[in-house]
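Peer 1: Have a look at this one.
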Amino acid sequence: MSLINMLSSPEWLVEENDFDVELQNTFETLFTVGNGYLGTRATLEESNKGEFAATYISGIFDNHDSTVIDLVNAPDWLPVSIWVDGIKLNIQSCRVLSHRRVLDMKTGALYRFTRFKDSLDRITSYESVRFASIQQSHLCAMRIAVTPENYDATLVVESSIDGGNYNLDRIPNYAETKKFHPETKWNKWAKSKHLRFVSNESSDKNCYLEMETIDTKHRVGYAATLRAQNCDVNKTQRRDYEKVTQIVEFKAKKEHTYIIDKLVSIFTSRDVASDIINDACMETLNKALHDGFDRCFNDHINEWNSRWNACDCQISGDKEAMHALRFNIYHLLISANPNDPKVNIGAKTLSGEGYKGHVFWDTEIFMLPFFIYTQPETAKSLLLYRYHTLEGARKNATLNGYSGAQYPWESADTGLETTPKWTADGVNRIWTGEEELHITADVAYGILTYLSATGDMNFILNYGAEMLFETARFWISRIELNTDKDRYELNNVIGPDEFHEHVNNNVYTNVMVRWNLQNSALLLETIKQHYSEEYAHLAKKLCLSDEEVTHWVNVAAKIYIPFDTESGLIEQFEDYFQCKEVPIVEWDKNDMPCYPAGYDHFNAGETTLLKQPDVVMLMYVLPDEYDDEIKRRNYEFYEKRTLHKSSLSPCMHAIMGIEVEDTHKAEQYFLRSALVDLVDNQGNTEWGIHAASTGGTWMTAVFGFGGFRVRQQKMSFKPWLPSTWNELTFKLRWHGDCLDVSITQSEIRLLLHSQKSHPEEINITGEKQVLQRNERQVFCLNSSMN
């Protein structure tokens, strides 16, 4: 038997074909398996020096002995070691004849194929497959196939649950930038301990480990069992502090393959009461044992098929683009938990230590669109996280001397601001937690984008409206009236371009605040007119008055927006045009711009250089605000000054490049976004997947090349395909219906699946069209598309 026969076709596979210790942490991130409830980095089962083993359970945060609260590195369910007559099979101590690992994106499983040659010249073939069930989120499983190729011997298999993991906290400020040896680099860090031992159990049938977070008091329980299928085994157990191990021993014959399955169930006190975690774990484990590995795996695969059917994008004619796009969608699918409205997606998903598992604007602006238009129930769950952290946002505003709700730049479990004050080496001050205020308007934007696509007024009436009105109140308390110039200003802020700190009137922030106030007032009027009972409840709960809402509208009308009428340029912030001009003159091997000599993140603020799009970002977020000529002029001006030192930068330039017809650069930017982790073009994939870039890559395919946007509350299409693309197909959800979209160089084919009878008005390349329901329609595109 070989697990290789279970692999999907090549276009679904991401492969590692050799062991390179320098790249192991990167592959640990790339090959993460998960299901939204948890994510497990792709460390080797037997462990190796230099690994960073981690499983992250969504919502399990703790702040014991760490500078800011961490997403806890939970107990490790992976460890399995094979011993051959006392010699451990290890990729760094044995001779490795071949080594291959394959992430099967279609089935959400990681495969491994390794041939070991030990010091006695015995050759062992080792294969494994692991998955975190997307059908039963509390279940993880692994199958191992071991074949002694040229010997008979006693094999010992040790399987553990290890609660001794830690989180990284600080790294010393070294005099010079140093490249540490990959086997020891994590040892340079100060570490945070978040788990304390509670109990463990073991028997011939299974083992159990329970830990507790030290400050937040979350209980975490793991139950596991090891089952050998085709041999007689001797079973023993070992219980250590923070670790429990099952051991099976058997006589192995040459050229025989032995199958060992490991099943693991995981529950926390966020899922069930603390006193029944053990029972919940055992019930799930026993059911998995009854069903067997094959059935559990098949159920998992069937659910993956369902997810892919809802959201797969297909590109005909460009295999690299197709492959990269699917990779990004895979990581989106394993990052969100549709069943838990109190969790969200961290900036590094559940795949690494980066940003300590905190949630940013990445969700609302870059990832939420994917879920809104393919899985709206998941999108609603992500927005409900903001509702459940609304009290924390209110506390942020109160602590800072303001009213309403101020959403944090970095958010964990409570909605309180969790941004660290200093960089990890303690050298540079971080101001984003105090000054990058646009996040509050971005949350409002996410809510109204969801409403526009779904028409879900129940969500708005029960949750969304309250968030919107409280964000409006925050802006009214934060904005300042300049009486001399009769305008409202927002001073001492940071916009999306984080090179420039402590600036006044950042245009992205000011326009988004204006939009937030205006649309909150419009929504309130809609509720007042059509949902009088709900309006009365909201008005009473929030002490809303007509005078207050009128004030929102009046303030919005006087917010200062820096703009040079002569050049048609939107000024990124007040006095930006007076900054020093420093040209970009060098690009790295990944065609990414390099810092000009003498400049870095912390002194580029004196120049016109941008970390990432700001004005260009605004033109994407609010496409109806500016005409085509203004977009073109500003894109051309700011694009040449952008260093793309954030992974969420290229996708915005790709989308807007297509919109302003800079299509050559748009293709380049798309690949930069799509390959940011696959080729590690930011140099930090080992810290976790770039979550915003995964969503941005999907948006580039659908909103950019597919040309799909919502304009004036209606679906609009203005596609453009690269000359090598024969066809782009994707699906969209719109007000409860499903739209099949197929675009070629000459036409767009649409099929709207619906139970409704009336047609849908849409816009295609600037012309109004009528889309009939349940009828495939073909619309011709401009022949000069390319």
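Peer 1: So between T236 and D299, what do we pick up on full extension, going 0.36 nm a residue minus the alpha carbon distance?
Peer 2: Extra length available between T236 and D299 comes to 19.6 nm.
Peer 1: Quick one: divide the alpha-carbon radius of gyration of the stretch 294-365 by 2.2 N^0.38 Å and tell me what you get.
Peer 2: Cα-based Rg divided by the globular estimate yields 1.31.
Peer 1: Starting from the coordinates of the alpha-carbon atoms of the stretch 612-692, obtain the Kirkwood hydrodynamic radius over all distinct pairs and give the value in Å to one decimal.
Peer 2: Taking every pair of different Cα atoms in the stretch 612-692, averaging 1/r and inverting gives 12.9 Å.
Peer 1: Okay, next question. Once you charge only the Cβ atoms, +1 for Lys and Arg and -1 for Asp and Glu, what is the size of the charge dipole of the chain about its Cα centre, to the nearest 20 debye?
Peer 2: For this selection, approximately 1480 debye.
Peer 1: While we're on this one: Please give the net charge around C594, taking every other residue with its beta carbon less than 12 angstrom from that of C594, where Lys and Arg add +1 and Asp and Glu add -1.
Peer 2: -2
Peer 1: Further, regarding this structure: Greater than 25 Å separation of Cα atoms is the criterion. Which listed pairs, K185/K217; K188/K356; K205/K342; K356/K645; K356/K611; K49/K356, meet it?
Peer 2: K185/K217; K205/K342
Peer 1: Counting other Cβ atoms within 10 Å of each Cβ, which trypsin sites (Lys or Arg not before Pro) in the stretch 370-476 have at most 12 and sit in a DSSP loop?
Peer 2: K421
Peer 1: Shifting gears a bit: What per residue convex hull volume, in Å³, do the alpha-carbon atoms of the stretch 172-311 yield?
Peer 2: It is 237 Å³ per residue.
Peer 1: So, one more: When Lys and Arg each count +1 and Asp and Glu each count -1, what net charge do the other residues less than 13 Å away from N726, Cβ to Cβ, add up to?
Peer 2: Net charge in that neighbourhood comes out at -2.
Peer 1: Taking only DSSP H segments of four or more residues, each worth -39500 (n - 2.57), what value at 222 nm results for the chain once the sum is divided by all its residues, to the nearest 500 deg cm²/dmol?
Peer 2: -9000 deg cm²/dmol
Peer 1: Another one. All other residues with a Cβ under 12 Å from the Cβ of E686 taken together, and with Lys, Arg as +1 and Asp, Glu as -1, what is their net charge?
Peer 2: -3
Peer 1: Right, something else. Relative contact order, percent, of the stretch 703-768 when contacts are C-alpha pairs under 8 Å separated by at least 6 residues?
Peer 2: 28
Peer 1: Would you kindly derive the ³J(HN,Hα) couplings of the stretch 606-623 from the backbone phi angles with the Karplus curve 6.51 cos²θ - 1.76 cosθ + 1.60 (θ = phi - 60°), listing them in order in whole Hz, with x for Gly and Pro?
Peer 2: Karplus-based 3J(HN,Hα) across the stretch 606-623 equals 7, 10, 8, 5, 10, 6, 7, x, 10, 5, 4, 4, 4, 5, 6, 5, 10, x Hz.
Peer 1: What three numbers, in Å, describe the spread of the alpha carbons of the stretch 363-490 along their principal axes, ordered from the longest?
Peer 2: Rounded to whole Å, the extents work out to 44, 41, 23 Å.
Peer 1: Calculate the radius of gyration of the Cα atoms of the stretch 188-252 to one decimal place, then report Dmax, the largest Cα-Cα distance, as a whole number, both in Å.
Peer 2: For the stretch 188-252, the Cα radius of gyration and maximum Cα-Cα distance read 15.5, 47 Å.
Peer 1: A further question follows. If I take every Cα pair under 8 Å that is 6 or more residues apart in the chain, average their sequence separation and divide by the length, what percent do I get for the relative contact order?
Peer 2: Contact order relative to length: 11 percent.
Peer 1: A further question on this structure: May I ask you to evaluate 6.51 cos²θ - 1.76 cosθ + 1.60, the Karplus curve with θ = phi - 60°, for each residue of the stretch 566-579 and list the ³J(HN,Hα) values in order in whole Hz, giving x for glycine and proline?
Peer 2: Going residue by residue, I get 5, 8, x, 9, 7, 7, 3, 7, 4, 6, 4, 5, 8, 5 Hz, with x marking Gly and Pro.
Peer 1: Scan (1) 188; (2) 169; (3) 198 for the value of volume of the Cα convex hull per residue in Å³ calculated from this model and give just the label.
Peer 2: Given (1) 188; (2) 169; (3) 198, the structure-derived one carries the label (2).
Peer 1: Using alpha carbons only, how many angstrom separate the centre of the stretch 175-214 from the centre of the stretch 645-678?
Peer 2: 38
Peer 1: Pull up the DSSP beta bridges for the chain and report the antiparallel fraction as a percent, rounded to 5.
Peer 2: Among the beta bridges of the chain, antiparallel pairing accounts for roughly 95 percent.
Peer 1: In whole Hz, with x marking every Gly and Pro, tabulate ³J(HN,Hα) for the stretch 315-323 from phi via Karplus 6.51 cos²θ - 1.76 cosθ + 1.60, θ = phi - 60°.
Peer 2: Once rounded to whole Hz, the list reads 10, 9, x, 9, 5, 5, 5, 4, 5.
Coordinate-derived values only; no laboratory data. For clarity, every value in this text was computed on a predicted model and none was experimentally measured. Note that each Cβ is placed from the backbone with ideal geometry, even for glycine, and that neighbours are counted across all protein chains shown.
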